[in-house]
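Data first, discussion second: the structure below is written as structure tokens.
The values are calculated or read from the model by the stated rules, or taken from the named source; none is laboratory data. The model shown is predicted, which means the values in this text are computed figures rather than measured ones. Cβ placement follows ideal geometry from the backbone for every residue including glycine, while neighbour counts extend to all protein chains displayed. Note: areas computed on protein heavy atoms with side chains; ligands, DNA, RNA excluded. Shrake-Rupley method; radii C 1.70, N 1.55, O 1.52, S 1.80 Å.
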Amino acid sequence: MIVLLTRPEAAARRFAARIKAAMAAEVVIAPMVRIDPVAAELDWSRWRGVILTSQNGAARLEEVPGGLPAFCVGRRTAEVAEAAGCAVRSAEGDAEDLIALIAGLRPEGPLLHLRGEIARGAVAARLTAQGIETGERVVYRQRDLPLSAEGRARLTGSDPVVVPLFSPRAAERLVRTGPAQAPLTVVAMSREVARAAEPIGAARIVIADRPDAAAMLEAILALRGA
């Protein structure tokens with residue numbers, strides 16, 4: 001099996017290691033986005049909790065007070081926050097699940113959402129509208145990259161290729177490369193991601209059972225017998 005990973009390099013390498021530990025596969029790492037940190041003033045004395053919708057945001061937990069509540073979108077993000085000393089609650093889902101978790105818990109604010117320059121879900125605004133005061137800081141920037149020559153060769157070849165896509169924006173980046181000529185299977189993290197990937201012309205789109213990396217790996221492993 002050929003698996004093409006277009007995630008940011010560090011995330012792609014971590015996921016590639018998990019694939020190779022679980023099965024025999026040729027993994028091609030061809031990042032289509034780069035994560036650049038953005039300088040931001042993080043005065044933790046102002047905030048009663050932090051909201052994290054990605055590992056990239058969690059990576060900016062510098063000098064966070066021990067035990068600060070961290071409301072995390074999923075398991076990997078929660079692990080990074082816990083390593084930084086936060087008291088973690090994980091939604092084990094997507095941004096909608098995270099908003100629902102926080103709204104149900106009704107934590108004392110103000111909360112701070114650490115996010116990328118491009119973000120979906122209007123997390124801070126929606127929580128504030130529900131009476132949970134929430135601010136936000138942009139702490140990283142997503143820079144689009146062209147698909148590498150090796151990645152393009154795989155998509156224009158004749159061998160079957162599996163492409164895991166973890167966000168609608170990742171799907172949109174791939175769509176902009178043009179229709180795939182190779183027999184392509186997309187493994188999408190959610191229905192929203194699957195919809196965004198439709199124009200690529202994949203022979204098959206599989207949706208993971210849960211919006212997390214473990215379920216994405218399970219979906220890839222399941223393709224071995226398909």
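Which one of these does G178 not meet: (1) free of Cβ contacts under 8 Å to residues at least 24 places away in the same chain; (2) in contact with an Asp or Glu (Cβ under 8 Å, 6 or more places away or on another chain); (3) assigned to a loop (DSSP other than H, G, I, E, B); (4) not basic (K, R)?
(2)
Regarding segment 163-173, can at least one residue be identified that is part of a loop (DSSP other than H, G, I, E, B), of a type outside the set (S, T, N, Q) and either open to solvent by less than 60 Å² (accessible area, probe 1.4 Å) or farther than 18 Å from V28 by Cα (or both)? Break it down stepwise before answering.
We begin by selecting, within segment 163-173, every residue part of a loop (DSSP other than H, G, I, E, B); these are 166-167.
With the extra rule that they be of a type outside the set (S, T, N, Q), the set shrinks to 166.
With the extra rule that they be either open to solvent by less than 60 Å² (accessible area, probe 1.4 Å) or farther than 18 Å from V28 by Cα (or both), the set shrinks to 166.
Within segment 163-173, one or more residues are part of a loop (DSSP other than H, G, I, E, B), of a type outside the set (S, T, N, Q) and either open to solvent by less than 60 Å² (accessible area, probe 1.4 Å) or farther than 18 Å from V28 by Cα (or both).
Taking T53, is it within 23 Å of A149 (Cα to Cα) and either open to solvent by less than 30 Å² (accessible area, probe 1.4 Å) or modelled with pLDDT under 95 (or both)?
On the way: within 23 Å of A149 (Cα to Cα): no; either open to solvent by less than 30 Å² (accessible area, probe 1.4 Å) or modelled with pLDDT under 95 (or both): yes.
Taking the combined requirement at face value, the residue does not satisfy it.
Taking the criterion of being part of a helix (DSSP H, G or I), of a type in the set (D, E, K, R), touching a residue at least 12 places away in the same chain (Cβ under 8 Å) and open to solvent by 20 Å² or more (accessible area, probe 1.4 Å), would at least one residue in segment 19-35 satisfy it?
No, every residue in segment 19-35 fails to be part of a helix (DSSP H, G or I), of a type in the set (D, E, K, R), touching a residue at least 12 places away in the same chain (Cβ under 8 Å) and open to solvent by 20 Å² or more (accessible area, probe 1.4 Å).
Restricting attention to segment 60-81, does a residue exist that is hydroxyl-bearing (S, T, Y), open to solvent by less than 20 Å² (accessible area, probe 1.4 Å) and assigned to a helix (DSSP H, G or I)?
yes
From the list G74, G67, G49, pick out the single residue that is under 18 Å from the mean Cα position of the chain (by Cα) and small (G, A, S).
Step by step, each of G74, G67, G49 is checked, and only G74 is under 18 Å from the mean Cα position of the chain (by Cα) and small (G, A, S).
If a residue must be among the small types (G, A, S) and crowded, with 17+ Cβ neighbours inside 10 Å, how many such residues does segment 94-118 contain?
Residues in segment 94-118 being among the small types (G, A, S) and crowded, with 17+ Cβ neighbours inside 10 Å: 3 in total.
Tell me the residue from G151, G157, G135 that is part of a strand (DSSP E or B) and of a type outside the set (A, V, I, L, M), please. Lay out the reasoning, then the answer.
Details: G151 fails: part of a strand (DSSP E or B); G157 fails: part of a strand (DSSP E or B).
Checking each option against the conditions leaves just G135.
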